[in-house]
1. If you go through the stretch 46-73, how many residues are in a helix (DSSP H, G or I), surrounded by 11 or more Cβ atoms within 10 Å (Cβ to Cβ) and at pLDDT 85 or above?
2. Note down all Cβ pairs under 8 Å where the first residue falls in the stretch 84-99 and is closer than 15 Å to Thr25 by Cα, the second is of a type in the set (D, E, K, R) and outside any helix (DSSP H, G or I), and they're at least six residues apart or on different chains.
3. Say we look at the stretch 1-45 and pick out the residues that are without any contact (Cβ under 8 Å) to a residue 12 or more places away in the chain and among the small types (Gly, Ala, Ser); which of these is surrounded by the fewest Cβ atoms within 10 Å (Cβ to Cβ)?
4. Give Arg43, Arg20, Arg37 a once-over and let me know the one that is in a helix (DSSP H, G or I) and under 11 Å from the mean Cα position of the chain (by Cα).
5. Out of the residues in the stretch 32-45 that are modelled with pLDDT under 85 and of a type outside the set (Lys, Arg), state the one that is nearest to Asp83 (Cα to Cα).
Amino acid sequence: MDIVLILLVLAAACYFLYRRNAGWTTVSSGIGPDARRLEDHYRYLKSQSIRCRLKSNADSHLGTIQTAAAAVDPLNNEHLQLDVHTEDIHKASELLQQLQEPAPYGRNTP
């Protein structure tokens, strides 16, 4: 009986870990200066009600030490990735494309 309970708990844990990452697509990733651009894109998509998240692929075992060092290091090489929910991927792609296109000159002229 104990073994069945342990197996059920392990199966439930695996299911929740799978569901946490299912349904998300990485649309962009970057290191250093590109990571700052990703943060801007993240804030823009959030303001447009797009379900998105920023994930850091830094070494998690360094924890607070790495975070403190990154705060004072202007050449921070943290690797970030911008994930968008699969249901919002089309709208997010359109918004990011509009964000990257330069505004046309003479917009108010005929």
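The values are calculated or read from the model by the stated rules, or taken from the named source; none is laboratory data. This structure is a prediction, so every number in the text was calculated from the model and none was measured. Cβ coordinates were reconstructed from backbone atoms using ideal geometry, including for glycine residues, and neighbour counts include every protein chain displayed.
1. Adding up the residues that qualify gives 1.
2. Val84/Arg51; His85/Arg51; Glu87/Arg51; Asp88/Arg51
3. Checking each candidate, the answer is Ala22.
4. Just one listed residue meets the conditions, Arg43.
5. In this case the residue turns out to be Ala35.
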